[in-house]
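Have a look at the structure below before the remarks.
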Amino acid sequence: MAWTSKRRVMHAYNVTAEIYDERYSEEQQRKYRKALENVDVADDAVLDVGCGSGLFFSQVASKAKIVVGVDVSLGLLKKANEQAKVFRNVFVLQADADHLPFREGVFGGGVFAFTVLQNMPKPAQTLLELRRVAKGSGKIVVTGLKKAFRLEEFMDLLEGSGMPISAFVDEEAINCYLATLTA
């Protein structure tokens, strides 16, 4: 059942890959700027889960030691790979957010999951996987689309993860809740 749901999401993003940047770039850039107010990515490894077309890379590549973008959509990964070629320290690969192909505690510069949780069949499981790959007391940034989560529901999800919330943003301009958690 979970894989069927993920395949639907993957197909939807494959279909919209060519217009993704045009449709979402401005909104995503606002999220990125807000997220980076609370996370220092300097000289460490950064993970962008659900990297989409790689829009976030330009925000972090010059500061981070290495940036890894993962997505389940091959269509979006092709676009992300084009973005990654601009940088020497950015790499992309296809992966499922619930089963990341990394050992524990690798990413100390932050684990970012923009516009991911509402697409996952079990977002609580996804949060645990993000926590697994974050280094020590590293930061994890997640968003929840307001049309997919009520505020109370999103807060329950975050609190259920057992990770302290170090920052929370609820602004109309970003169309979502943005939370910074401490692994």
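The values are calculated or read from the model by the stated rules, or taken from the named source; none is laboratory data. What you see is a predicted model; the values in this text were computed from it and never measured. Note that each Cβ is placed from the backbone with ideal geometry, even for glycine, and that neighbours are counted across all protein chains shown. Ligands, DNA and RNA are stripped out before the accessible areas are found, and what is left, the full protein with its side chains, is counted by its heavy atoms. Shrake-Rupley method; radii C 1.70, N 1.55, O 1.52, S 1.80 Å.
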ask   = Residues of segment 122-132 being open to solvent by 70 Å² or more (accessible area, probe 1.4 Å) and in contact with a strand residue (DSSP E or B) (Cβ under 7 Å, 6 or more places away or on another chain), which ones?
value = 131
message = Any residue at all in segment 95-105 that's within 21 Å of residue 37 (Cβ to Cβ) and among the aromatic types (Phe, Trp, Tyr)?
response = no
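When you scan segment 137-148, do you find a residue that is within 19 Å of residue 39 (Cβ to Cβ) and modelled with pLDDT under 95, even just one? It would help to see each step written out before you state the result.
Filtering segment 137-148 for residues within 19 Å of residue 39 (Cβ to Cβ) gives 137-144.
Pick out the ones that are also modelled with pLDDT under 95 and you get 137-138.
Yes, segment 137-148 contains at least one residue that is within 19 Å of residue 39 (Cβ to Cβ) and modelled with pLDDT under 95.
Buried (at least 20 other Cβ atoms within 10 Å of the Cβ), over 23 Å from residue 179 (Cα atoms) and either among the acidic types (Asp, Glu) or modelled with pLDDT under 90 (or both): does that describe residue 10?
On the way: buried (at least 20 other Cβ atoms within 10 Å of the Cβ): yes; over 23 Å from residue 179 (Cα atoms): yes; either among the acidic types (Asp, Glu) or modelled with pLDDT under 90 (or both): yes.
Yes: the conditions hold for residue 10.
Can you confirm whether residue 43 is modelled with pLDDT under 90, open to solvent by 20 Å² or more (accessible area, probe 1.4 Å) and part of a loop (DSSP other than H, G, I, E, B)?
Values: modelled with pLDDT under 90: yes; open to solvent by 20 Å² or more (accessible area, probe 1.4 Å): yes; part of a loop (DSSP other than H, G, I, E, B): yes.
Yes: the conditions hold for residue 43.
Applying the selection to segment 67-102, what residues are small (Gly, Ala, Ser) and either open to solvent by 60 Å² or more (accessible area, probe 1.4 Å) or touching a strand residue (DSSP E or B) at 6+ places or on another chain (Cβ under 9 Å) (or both)? Outline the logic, then answer.
First, the residues of segment 67-102 that are small (Gly, Ala, Ser): 69, 73, 75, 80, 84, 95, 97.
Within segment 67-102, 69, 73, 80, 84, 95, 97 qualify.
The rows are residues; the columns are (1) among the hydrophobic types (A, V, I, L, M, F, W, C); (2) in contact (Cβ under 8 Å) with a residue 40 or more places away in the chain; (3) over 19 Å from residue 2 (Cβ atoms).
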| site | (1), (2), (3) |
| --- | --- |
| 128 | yes, no, no |
| 137 | no, yes, yes |
| 146 | no, no, yes |
| 162 | no, no, yes |
| 168 | yes, no, yes |
| 173 | yes, yes, yes |
| 177 | no, no, yes |
request  = For residues that are over 24 Å from residue 122 (Cβ atoms) and assigned to a loop (DSSP other than H, G, I, E, B), tally how many sit in segment 71-104.
outcome  = 5
inquiry  = Can you tell me which of (1) at pLDDT below 95; (2) in contact with an Asp or Glu (Cβ under 6 Å, 6 or more places away or on another chain) is the one residue 79 doesn't meet?
reply    = (2)
ask   = Does residue 107 fit the bill of being within 12 Å of the chain's Cα centre (by Cα) and among the hydrophobic types (A, V, I, L, M, F, W, C)?
value = no
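Taking residue 94 as the residue in question, decide whether it is within 14 Å of the chain's Cα centre (by Cα) and free of Cβ contacts under 8 Å to residues at least 60 places away in the same chain.
Details: within 14 Å of the chain's Cα centre (by Cα): yes; free of Cβ contacts under 8 Å to residues at least 60 places away in the same chain: yes.
Yes; evaluated as a whole, the condition is true for this residue.
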Answer residue from segment 133-159, given it is part of a helix (DSSP H, G or I) and open to solvent by 70 Å² or more (accessible area, probe 1.4 Å) and is nearest to residue 112 (Cα to Cα) among those = 159
